[in-house]
Structures are given as structure tokens and as C-alpha cells.
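Single-structure report; data block below.
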Amino acid sequence: MTDQGIDRIREERDRAYSQLAEVTSRLLSVNEASERFVSSHEAEDIAVAMLQVSSQSVGAKRGAVFLAEGDGSFHLLAQLGFGQAALQLAHSLADIAVLQLVENEGRSFDAAEAKADEAFMEWAAGARAEDPEALVEPALDLFLPLALEGHIIGVLGLGRRTDGARYTEEDRLFLENMLTQGALALDRTLLFAQNQNRLRDLDALLKISRELTSTLDMDAVLLTAVNTTSAIVERQRAVLALL
């Protein structure tokens, strides 16, 4: 066998080992994600776990998870690697435009695909028409839906890969499959939080009812009604008017 043949075999062997190492690493990441998804009842903890596992698996250092709030609005739930720039990311109109695109289309987009989309180009043209210096470049590079039965509950976005390469189709498929578990876990934590809030409101209403029926003193009743509203809604002050 020639030296060239030996070198080719070695290259193929090294490539196979590299692919095996990548597959093993991603399987371990999936296992880690599964364990973390079932161990928390906090939505932010689930989001951080998704970001950490996703970024480690595909070689990204920055990312964010956004919750869909309806009517094209999103809330920044968690971020990784942005530090003090997180507030700027939360209000990035370019990234929000891509989030809306993901929500409307129900699929993943990278920044290049999004910028070539007609809806995004129309938005960017309008933004530049109003302000020639408007920022129309997304800060994130890959946007993946967090979907349950076709309903988008959020979007996970990742920054550029550390090697500068574009995300591959294999990267997307892996992340989309892993995020299916993440979406289930996130939905579970959101439902848990909603139930906790309902229970807290019911307890507060029961307390108010008991307080109001414990006396016939009108002043005491009115004072109790005003003071106990804080158990139901967040407020700094309250006023009760009799008509």
C-alpha cells in the first residue's frame, strides 16, 4: 500500500473518531438536558438549562430564550453570554422581527434566511426609511421554535458559532429534537406557576371574605378591603371610593 493510501485511511479513521466523539457528546448533552428538565419547577431554570446544553452542543457562546406573549410580543426569559447587553437584546427590533417570523412560520431560521425573507426585508426597509441608522442586523444567528402541538410558546436563539461556521442541518435537527423536551418542560413549569398563582389568589379571597364577615364596623370593613388587595395584585397604594 502506498503512503498516500495509508494517509487516506488515517484521515478517514480520524474523521470517524471525530464524528463518534461528536455523537457521544450530543447524546450526553441530551441526557443532561433531560435530567435538568425534570428537576426544576422554575421556568427560568429550564430556559438556562436549554441554553447551556444547546450552546455546548453546537459550539456557541451566547444565546437567549424568549417567551411568546401573543400579538407578536416576546419576553426575554433567560440569556447566556450577553451580560449587560441583555437589555439591548430584549429590545432589539431586528431580533424581535425574526422571533415573529419564527412564530408565524413555525420553523427555524438562521439570520441569513431571515434577512432574505420578504416579511423581514419589508420590515427592514420600513425601519431604514424612518431612521437611516436603524439597526436591522439581528444579534442572534439561529432561531429555533419552542413548540407544542404546533403552538409556539417561545423561541431559543443562539449567537454565532465560535468557529464562525454556519449552523448545519444536523445542528438544527439535533437542537429541534432536544428542544421538544425543553418545550414540554417549560410548558409544565408555566402551568405549575399559573396553578400556584390561582391557589394564592383563592387563599387571598378566602382571607378577605373572612375578614369582611368578622365585623359589622363599616370603617374596619373598608380598611380591610383596601389593605388586603395587595394579596391579590401588586400595588403601592389603593383607594376605595363609596358612590
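A few comments on the model shown:
- Every condition in (1) modelled with pLDDT of 85 or more; (2) surrounded by 11 or more Cβ atoms within 10 Å (Cβ to Cβ) holds for ASP201 except the one numbered (1).
- Among residues of the stretch 45-75, those that are free of Cβ contacts under 8 Å to residues at least 60 places away in the same chain and either in contact with a Leu (Cβ under 6 Å, 6 or more places away or on another chain) or under 24 Å from GLY150 (Cβ atoms) (or both), counted: 6
- Among the residues listed as SER92, SER108, the single one being closer than 20 Å to PHE174 by Cβ and open to solvent by less than 40 Å² (accessible area, probe 1.4 Å): SER108
- Odd one out for ARG107, checked against (1) touching a helix residue (DSSP H, G or I) at 6+ places or on another chain (Cβ under 6 Å); (2) in a loop (DSSP other than H, G, I, E, B): (1)
- Qualifying residues in the stretch 126-143 (those that are hydrophobic (A, V, I, L, M, F, W, C) and open to solvent by 60 Å² or more (accessible area, probe 1.4 Å)) - the one nearest to the chain's Cα centre (by Cα): LEU135
- Number of the condition not met by MET178 [criteria: (1) under 20 Å from PHE82 (Cβ atoms); (2) out of contact with any Pro (no Cβ under 7 Å at 6 or more places or on another chain); (3) crowded, with 16+ Cβ neighbours inside 10 Å]: (1)
- The stretch 79-104, residues that are assigned to a loop (DSSP other than H, G, I, E, B) and at positive phi: GLY81
- Number of positions in the stretch 154-164 that are surrounded by fewer than 16 Cβ atoms within 10 Å (Cβ to Cβ) and touching a residue at least 40 places away in the same chain (Cβ under 8 Å): 2
- Filtering the stretch 86-105 for residues that are out of contact with any Ser or Thr (no Cβ under 8 Å at 6 or more places or on another chain), small (Gly, Ala, Ser) and within 24 Å of GLU42 (Cα to Cα) leaves a non-empty set.
- Exactly one residue out of THR180, THR162 is among the polar types (S, T, N, Q) and over 14 Å from the mean Cα position of the chain (by Cα), and it is THR162.
- Test: residue in the stretch 60-71 that is open to solvent by 10 Å² or more (accessible area, probe 1.4 Å), in a strand (DSSP E or B) and not hydrophobic (A, V, I, L, M, F, W, C): yes
- Being at pLDDT 90 or above, surrounded by 11 or more Cβ atoms within 10 Å (Cβ to Cβ) and among the charged types (D, E, K, R) is a description that does not apply to ASP45.
The values are calculated or read from the model by the stated rules, or taken from the named source; none is laboratory data. Keep in mind the model is a prediction, meaning the values are calculated, not measured. Counting neighbours? That spans all protein chains shown, and the Cβs are built from the backbone with ideal geometry, glycine included. Surface accessibility is based on the protein's heavy atoms, side chains included, excluding ligands, DNA and RNA. Shrake-Rupley method; radii C 1.70, N 1.55, O 1.52, S 1.80 Å.
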